[in-house]
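Some notes on the structure that comes next.
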Amino acid sequence: MAHERSTHPADSGSLPSVTPRSIAVVGGSAAGLFASALLARRGFSVRVLEGLEALEPSARTLIVTHRMRDLLGAAAAGSVVNEIRRFELFTDGRSATITLDEPDLIIERRKLIQSLAAGARHAGVRIELGRRFRRLRAEGGSLVAEVERCADGAAEEVRAGTIIGGDGAASRVAREAGWPALETVPLVQAIVPLPKGMAADTVRVWFVPQDTPYFYWLIPESPERGALGVIGESGPEMRQRLERFLEKRQLDPIEFQGARIPVYTRWIPVRRRVGQGSVYLVGDAAAQVKVSTVGGTVTGFRGALGVAESIANGGPSRELRALHRELAAHWLLRRSLHRFEQSDYSQLVDLLHEPAKRPLGEYTRDEAWKILWRVCARQPRLVLLGLRGLLLRRAAPGRTSEGD
Ligand SMILES: Cc1cc2nc3c(=O)[nH]c(=O)nc-3n(C[C@H](O)[C@H](O)[C@H](O)COP(=O)(O)OP(=O)(O)OC[C@H]3O[C@@H](n4cnc5c(N)ncnc54)[C@H](O)[C@@H]3O)c2cc1C
């Protein structure tokens, strides 16, 4: 909750004066750094408070659509380690191949974050590492972020007219400003040697509904290595299932990566007033994640762009409206897929004939409505299959009861 008065000892001696154009961003990762650079370029005074003591976030292999290049420009270049031209879908002995018109990008998250940080600093952002945000309060006309300095546990206070929470799925900023906690799911992936004969420009996806309502994937990061992962509903169980899946394919894990990802079940309004200040959320903190595939990188950037637009223009943002529509399409898709049984997946793969597959290669996962309309127009039986999924009485993500 936001507190009107702090009981903490204040240590605000070295702080600059607060103007409505001073912004503190909590979380120096993808969404927070992107938002901070955009705002600094628009003339705002921006500081980033990041809990890590060095900009060495955990390594993570990610797949994103080429939309990331449009959003980030040069900042994206150094983090791209591979390009993907094909998806192979497998279920119950069946398969379908989708060829992409424009390649997807495989990126190394650590490099991406370091490159975003360099861009933010260049734009004038002050990045303060080893600063863990603890509490928020309104004081006079501004907001005060109470921060712990990780090196020695000392308390600091950061005053700003606006605070942006880019602090991930378990956002402390969101809790302090009064947003409810998010539903999350575990994602675990293993870095493995690429199986013999597997092309480095092809991603494999397996639908195994008895293991997970989501899917397994194998994403090549080079001709030698790839990330084989799964999303599920219970962390320890998913790790065991992943290990069984690896064993069956005789793949020895080199390392494991994992974390909890927020599940988008409804649009989260990104702004709240606290006293006379504003608090915004970006990225995973606002569940800006495509829930069909649980990809949050590009949508987090779009959320950051939308929030920056909204702050700079002092009003609604077109990017946020478009992102809302996009996330809703993925939610619809997830609600249907989440209830699929093996026979539904088999039918899905069988129904993906050439004309129906075209839109999947032509449009990216960041244009879900276009894909949905065009695939359904070319293969109307997929509409029936999708509706069947929506009507089946299995729980959708974020719902605890059956048949919500
Ligand atoms: C193993 C794995 C694989 C994934 N694969 C993909 C993929 O292929 N494609 C895709 O699009 N997405 C993928 N994702 C999801 C994607 O990584 C996230 O959606 C994205 O990183 C979210 O970025 P963010 O900036 O919103 O938050 P985060 O990256 O979670 O960053 C939050 C930042 O806030 C900091 N922080 C947290 N609390 C505080 C605090 N109190 N004070 C100060 N700082 C704080 C953290 O240190 C961190 O730097 C994957 C996730 C995982 C775990």
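Results, tabulated for the structure shown:
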quantity: Residue count, region 226-264 (criterion: more than 11 Å from Val192 (Cβ to Cβ), more than 22 Å from the chain's Cα centre (by Cα) and assigned to a loop (DSSP other than H, G, I, E, B)); calculated: 0
quantity: Long-range neighbours under 7 Å by Cβ, at least six apart or interchain, first residue within 15 Å of Arg244 (Cβ to Cβ) within region 211-223, second open to solvent by 10 Å² or more (accessible area, probe 1.4 Å) and assigned to a loop (DSSP other than H, G, I, E, B); calculated: Tyr216/Val208
quantity: Wholly within region 21-104, strands (runs of 3 or more DSSP E) carrying at least 2 residues that are open to solvent by 10 Å² or more (accessible area, probe 1.4 Å) and near the ligand (Cβ under 9 Å from one of its atoms); calculated: 61-64
quantity: Qualifying residue in region 267-280 (condition: outside the structural domain of Arg365 (by TED's automatic domain parsing), buried (at least 20 other Cβ atoms within 10 Å of the Cβ) and within 16 Å of the chain's Cα centre (by Cα)); calculated: yes
quantity: Pick from region 266-321, criterion in a strand (DSSP E or B) and within 15 Å of the ligand (Cβ to nearest atom), ranking: nearest to Leu143 (Cα to Cα); calculated: Val279
quantity: Subset tally (residues that are within 15 Å of the ligand (Cβ to nearest atom) and open to solvent by 10 Å² or more (accessible area, probe 1.4 Å)) for region 134-145; calculated: 2
quantity: Region 50-79 residues that are modelled with pLDDT under 90 and among the charged types (D, E, K, R), paired with ones that are within 12 Å of the ligand (Cβ to nearest atom) and open to solvent by 30 Å² or more (accessible area, probe 1.4 Å) (beta carbon under 7 Å, 6 or more apart); calculated: Glu56/Arg110; Arg60/Arg109
quantity: Matching entry among Gly124, Gly153, Gly93, Gly141 (being in contact with a strand residue (DSSP E or B) (Cβ under 8 Å, 6 or more places away or on another chain) and at positive phi); calculated: Gly124
quantity: Among the residues listed as Val188, Val158, the single one being more than 23 Å from Thr299 (Cα to Cα) and either within 10 Å of the ligand (Cβ to nearest atom) or open to solvent by less than 40 Å² (accessible area, probe 1.4 Å) (or both); calculated: Val158
quantity: In region 241-265, the residues that are aliphatic (A, V, I, L, M) and either within 12 Å of the ligand (Cβ to nearest atom) or within 24 Å of Ser29 (Cα to Cα) (or both); calculated: Leu242, Ala259, Ile261, Val263
quantity: Residue count for region 161-185, restricted to those that are surrounded by fewer than 18 Cβ atoms within 10 Å (Cβ to Cβ) and over 30 Å from Pro236 (Cβ atoms); calculated: 1
quantity: Some residue of region 124-137 being under 19 Å from the mean Cα position of the chain (by Cα), under 25 Å from Gly296 (Cα atoms), small (Gly, Ala, Ser) and modelled with pLDDT of 95 or more; calculated: no
quantity: Test: Gln250 is in contact (Cβ under 8 Å) with a residue 12 or more places away in the chain and in the same structural domain as Phe215 (by TED's automatic domain parsing); calculated: no
quantity: Residues of region 220-266 that turn out to be open to solvent by 100 Å² or more (accessible area, probe 1.4 Å) and closer than 16 Å to Ala169 by Cα, as a count; calculated: 3
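The values are calculated or read from the model by the stated rules, or taken from the named source; none is laboratory data. Keep in mind that this is a model prediction, so the values were computed, not measured. Positions of Cβ are generated from backbone atoms using ideal geometry, with glycine treated the same way; all protein chains shown enter the neighbour counts. Just the protein is used for accessible areas: all its heavy atoms, side chains included, with ligands, DNA and RNA removed. Shrake-Rupley method; radii C 1.70, N 1.55, O 1.52, S 1.80 Å.
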